[in-house]
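Read-outs: derived from the displayed coordinates by stated rules, not from any lab. Because the structure is a prediction, the values reported are computed rather than measured. Neighbour counts are summed over all protein chains in view; Cβ atoms, including those assigned to glycine, are modelled from backbone coordinates with ideal geometry.
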Amino acid sequence: MSEPLLQVEQLQTHFWTPDGINRAVDGISFHVGAGETVAIVGESGCGKSVTAMSMLRLIPEPPGKIAGSIKFQGKDLLKLSEKEMRAIRGNEISMIFQEPMTSLNPVLNVARQIGETLRLHQGLSARQAEDKAIEMLTLVGIPEPARRVREYPHQLSGGMRQRVMIAIALACNPKLLIADEPTTALDVTIQAQILDLMRDLKHRVGAAIVLITHDLGVVAEVAERVIVMYAGKKVEEAQVGALFRTPRHPYTQGLLGSVPKLGSSLTGTETRLAEIPGLVPSLKRKIDGCVFASRCAYATDLCRKLAPALEEKAPGHVAACHYAMKEAIAA
Amino acid sequence: MDTATISERNAAHIAMDRNAGNVAVAPPMPDILPPVRPRGGFLGYLRRNPTIAIGGGLVLAMVCVAIFAPFLFTRDPTALAPALRTREPSAQFWFGSDMLGRDVYSRVLYGTRVSLTVGFSVAILASVIGLTIGLVSGFIRVADTIIMRCMDGLMSIPPILLAIALMALTRGSVQNVIIAITIAEIPRVSRLVRGVVLSLREQPYVDAAVASGTRTPRIIIRHILPNTLAPLTVQATYICASAMITEAILSFIGAGTPPIIPSWGNIMAEGRALWQVKPYIVFFPAIFLSITVLAVNLLGDGLRDSLDPRMAKRV
Amino acid sequence: MSRPVLEVMDLKKHFPIHGGFFGGVTAKVYAVDGISFSIDKGETLSLVGESGCGKSTVGKAILRLFGLTDGQVVLDGTRIDDMPAGTLRPLRRRIQVVFQDPYSSLNPRMRVRDILAEPIRNFGLAKNKAELEERVALLMDKVRLPRDAVGRWPHEFSGGQRQRIGIARALAAEPDIIICDEAVSALDVSVKAQIVNLLQDLQKELGLAMLFISHDLAIVEHMTHRVAVMYLGKIVEVATKRDLFSAPKHPYTEALLSAVPVPMPGAARERIILKGDVPSPINPPKGCRFHTRCGYAFDRCRVDEPVLKITDAGHWAACHLHDRPAAENPMAGAKGADLIAAH
C-alpha cells in the first residue's frame, strides 16, 4: 500500500493554563488518503478544532505544545521550520474557517484576498492573479465574478463570503483542504448550497478534505470516513455507512441517538431522544481509564481503571471500548 | 423501528461478558508540558496577574509614603535655610536642597500627598458623577440627546485648557484643582458608561428581567450597575493617572496647587530655572511622578485583563 | 372550543434606520410584516425560518420588549399590546421566555438563588422568605439541578446547566406560555437532547403552551404540534406537524425540508437547492417575497402578493400555485417523505 497523503501519529496538543495543563488533544492517530473526505466529529471541547489547527501548526507555542508526528507527503510538518511551513500553508494545505466574516480581511477586496496567496506561492503578477481570482469565483459559483471580484467582504452575504473563502482555499490547488465547521454559521438553505458546492468541487478539484464538524447530518452527506472524538481522544473510526449503521462505541451510539431524525412524524418513530447523562470531563485533570466511563451506561470498574486501546472491531472499523463486540475478521 | 429496537440493536454490539484476560489497554500518553501547580487564593491571583502585583505594589508603596511621610526621616518641607541653598544630594540632603534651602527629599515625599489626593479624588468623583450621567443618558432617550451634545462640547476642549480656564476663574487650592480636573474628565466617563449601559440593555438577561416583571429602577441597580463596575474601575485608574499628570502640569505653570504646598509640579516649577546646573531638583519629583503614573497605569491594565478575559486574549 | 391562550393578529414591527446628519429615518427594516397565529393551552407552535426572517422579533414583540408598529396581541382574551407598562406588569407573569445563549441570558453578577427569586418576588408568589427558599429549591428539582447549587454563580455551570437555570427562571413565574427563542440551538448535540427532553417533560407536566422559535427543522418536528414557516417577515405556511412534513404546500417549506442534512448516509432524497440569498428585509421584493428564489414562480408571483389560504383542513399556505388546477400545481402532492428521505 502506498503512503497516504497525510499520516498523523500520536498527535498531542496540550495548553498551559494557570490552573492546570489542558490536554486538548491527547494521542490522536489517523490518515487521509489522496482525494479522500474524512470527517472529524465531536462536541465542543473534544479537540477536533485543535487537531485541525495543529495540522497547520497554527497553535501558538507557548502556551500550547504539539507532540507526535504529522507526515504530509512523507515530510513531518512538526519538524519543518516556520518558513518551510509557510510555503505549505495556503498552498499545499489550506483551510476554511467557520466564520467567513472574521477570516476575511475587511479592508481588502476579493481580488486582493484571493490574489495574495497566488502571488505569494505561485509568483503570479497582479494582472494574472486577478484573472485567476475571477476564474476561482466562477468555479465556486459566484454570479457576475468580474464585478464581485472588486467588492469588499461587507458587501457580500454570508453564503457568498463562504464561497470566497473556498475560492481562496482552492486558489493554489491544494492537495489537502481542512474545513473547520464550514457551514455552521450558515442558514439551512445556504448550507445546502455550500455542501452541494463542496461535493461538486471535490469531483472537479480532487483535493482531500478533512471536515471538522459537530453536525452528524453534514457528516452523513459529505464524508467517506468518520473519526469520532471525545475528550481529546479518538474513540471510533469507520466508513460513514458502517458508523451510522452499526456504531460500536457507546459514545457514538449515544450521539446518534440524541439527534432527532427529520421525518420522525411520518415514520412513526417519534420517541424520546436518547440522552447522554452528565457532562464532558475536565481535560485539565488526567483521566485514568476510559475517557467516556463517567457518562457511559455500560462502564465497569475495568473501564474506570484501564483505558481501552483502539481495536479493529470489524474490517476498517475501530473503536476504543473494552466491551464493544468484535466481529470475526476474515484473515 | 422505534428507539427500543435501535438501542437494542446498538446494545447488540456491546458484549458485557468480556473476560479480563484479553483486555487491550491503550498505552498512557506522556506529559509534554511541565506540570502546573495551581495556586488558589489571593497569592495565586497575583501570580496569574503579575501586572496587578507590580502596579498595585507600587501604588501601595506610594500610599504608604504619603501617609508616613513625617516618619520617613523627613524634616519640615517648608522650612527655609537660606544658608544651605542648592546643595547637591548628600547625607544631609538626600535629594539635595532647592534655591531656598528646603530639603528636596522631604518636599518630594510630602508632594506624594498632593498627587495621590488629587489622583484618587478625581478618579472617585469623576467616576461617580460620570456613572450617574451615563446611566441617565443610557436610559432616558430625551436626556441622552441633550447630555451627549453637552459632553461632545466639553470634549472638544482639550482637558488641560479646560482645567486652566476653570482655575483662572477660581483661587488656587487643591480643592479647586480637583474640581477643575474632575469637570474635564467627566465626559470621558459618562461616554464610557453610556456605551456600556446601551450594550447591557441589549443583553438577554435584561430582557428576561423585564419579562419577569422587574421595574426599571431595580433593573438599573441589580442588572446594569454591577456590570458597569468592572469597566468603570479600569477607566478610573486611567483617570487617576491622567489627573496626577494634569495636576503636575497645572502646578508647573502656576495655575494649580498654591506654591506654599509642596507638590511635584511646584517643585519642578521652582527647579526649572536651575535645571541645567542643578538637575536633581527637577529630576527627583519627575521620577516620582513617572513611577506613580506608571504604577497606576499598570494596575489599570492588569485589572482590565483580569476583569475582561476576552480583551486580554485578543491582545 | 376553548379560546386560545395567545392570539396574535396582523402583527407588524418595522425598525426605523436612522441616518444622515440630523438622524432622521432614512429607511425601515420590515422585520415582521403582518403575521397572525394563535396557540392553545398545552400546545406547542413552532416558528421556523432562517436568520433575518423576523421569528425572534415576533417573540420579543409578544413579550412587549418593544412596542409594536401595528397589530394586536391577545393573552387569554385580554389585549395586551396597548396596555400601559404598569397594567401590563402583573400580566407578564403569564408569558415567560427562554433565550438562545446560555451565557448572556444569565446576569453574571447574580447568584442562581437571586436569579430564580427575582420573578417570585416581583409577582409576589411567596409569602415569606422560607416559602421563597422552598420555591427556589423546587424549581431546581424541576430542572434536575442539585438544590445546593443555588448559592453558586452562573459561570460555575456548563452551557447545558445554565440553560436549565434559564428554564427554571421562566418557570418561576408560573407562566401559561413559554417562548423558547432558539432555546436549544447553541447547545452541543448530547446536551441539546437533555434540554429538549426536559422541555417536553415540563410541558406535559405543567400543561404549558409553548412558542418554539427555531431554525432547526428536526428539533421542531420533534417538539411541536403545529408549525408556522416564516420568510422575510411573513408566515408562508401553517399546518400541523404531520401535514407540514408529509405534504408541504409552499415551495419555501419544500426547499427547507430538502436542505436539512439528515444523518443517514446515502439516503436517496429529492434535493431542491435554492438559488441566491434571502433578500434584504429593508427592501423586500414586490409580489410574493419568495419569488426571487422560487423555482415555480410565474408572472403573477412578481406583482401580486399571495395571502394565507386554506389548502386542506388546518393547512394554510400563501402561494398562488394553489389557485391553479391541480395538474399545474407542483405543490399539490404529498412528497415530504421524498424530500427528507423518510421511508
Neighbouring Cβ atoms within 10 Å as the yardstick, rank C:SER258, C:SER158, A:SER49, B:SER115 fewest first.
C:SER158, A:SER49, C:SER258, B:SER115
How far is it, in nm, from the label point at C:GLU328 to the one at B:THR132 when both lie 7 Å from their Cα along the line to the Cβ?
7.4
Peptide ranges C:319-330, B:82-93, B:187-198 listed from the most packed, as the mean C-beta count within 10 angstrom indicates:
B:187-198, C:319-330, B:82-93
5 Å is the cut-off here: which amide hydrogens, built 1.01 Å from N in the peptide plane, fall below it relative to C:ASP70, excluding neighbours closer than 5 in sequence?
C:LYS12
Would you tally the net charge around C:GLY295, using a Cβ to Cβ cut-off of less than 10 Å, leaving C:GLY295 out, and scoring K and R as +1, D and E as -1?
+1
Taking every alpha carbon pair in segment A:13-142 and sorting the distances into 10 angstrom bins from 0 up to the bin holding the longest one, the percent per bin comes out as 10, 33, 34, 19, 4, 0
Compare C:GLU156, C:GLU133, C:GLU182 in a GNM of chain C, Cα atoms joined below 10 Å, and give the one with the largest fluctuation.
C:GLU156
Taking the Cα centre of each part, how many Å lie between segment A:55-80 and segment B:143-162?
54
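What is the order of A:CYS172, A:CYS296, fewest Cβ neighbours within 10 Å to most? Before the final figure, lay out each step's value.
Details: A:CYS172 18, A:CYS296 23.
Ordered by Cβ neighbours within 10 Å, fewest first: A:CYS172, A:CYS296.
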Would you pull out the residues with amide H under 5 Å of C:ALA27's amide H, same chain only if 5 or more places away, H placed 1.01 Å from N?
C:ILE17
Given a cut-off of 27 Å, name the pairs among C:LYS286/C:LYS309; C:LYS127/C:LYS192; C:LYS13/C:LYS204; A:LYS261/A:LYS286; A:LYS48/A:LYS79 whose C-alpha atoms lie farther apart than that in the structure shown.
C:LYS127/C:LYS192; C:LYS13/C:LYS204; A:LYS261/A:LYS286
Kindly write out, for segment A:163-172 in residue order, the coupling ³J(HN,Hα) from the Karplus curve 6.51 cos²θ - 1.76 cosθ + 1.60 (θ = phi - 60°), rounded to whole Hz, with x marking Gly and Pro.
5, 4, 4, 5, 4, 4, 5, 8, 3, 9
Over all directions, the average projected area of the alpha-carbon convex hull for the protein assembly as shown comes to how many nm²?
50.4
Among DSSP beta bridges whose residues both lie in chain A, state the antiparallel percentage, nearest 5.
60
Residues other than C:HIS315 with Cβ under 9 Å of its Cβ, Lys/Arg counted +1 and Asp/Glu -1, net out at -2
As a footprinting exposure proxy, order B:TYR280, C:TYR103 by other Cβ within 10 Å, with the fewest listed first.
C:TYR103, B:TYR280
Using modelled amide H (1.01 Å from N, peptide plane; none on Pro or chain starts), what sits under 5 Å from the amide H of C:ASP40, excluding residues fewer than 5 places away?
C:VAL5
Max mean-square fluctuation residue, GNM over chain C, Cα-Cα springs under 10 Å, options C:ALA173, C:ALA268, C:ALA117:
C:ALA268
What are the ³J(HN,Hα) couplings of segment C:274-285, residue after residue, when phi is run through the Karplus curve with 6.51, -1.76, 1.60 and θ = phi - 60°? Round to Hz, x for glycine and proline.
5, 8, x, 10, 5, x, 6, x, 6, 9, x, x
Binning at 5 Å from 0, report for segment C:244-343 what percent of all alpha-carbon pair distances ends up in each bin.
2, 13, 21, 23, 19, 13, 6, 3, 0
Mind jotting down the distance between the C-alpha centroids of segment C:163-199 and segment A:84-111, whole Å?
38
Averaged over the residues of A:248-259, the number of partner chain Cβ atoms within 10 Å of each residue's own Cβ comes to 5
Mind checking which of A:ARG57, A:ARG161, A:ARG147 has the largest fluctuation in a GNM of chain A, springs on alpha carbons under 10 Å?
A:ARG147
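Mind checking the mean number of beta-carbon atoms from other chains within 10 Å of the Cβ atoms in C:46-59? Kindly include the intermediate steps, with their values, before the conclusion.
Working: counts 0, 0, 1, 2, 6, 6, 2, 1, 0, 0, 0, 0, 0, 1.
The per-residue average across the peptide is 1.
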Going by Cα centres, segment A:230-253 and segment B:203-242 are how many Å apart?
46
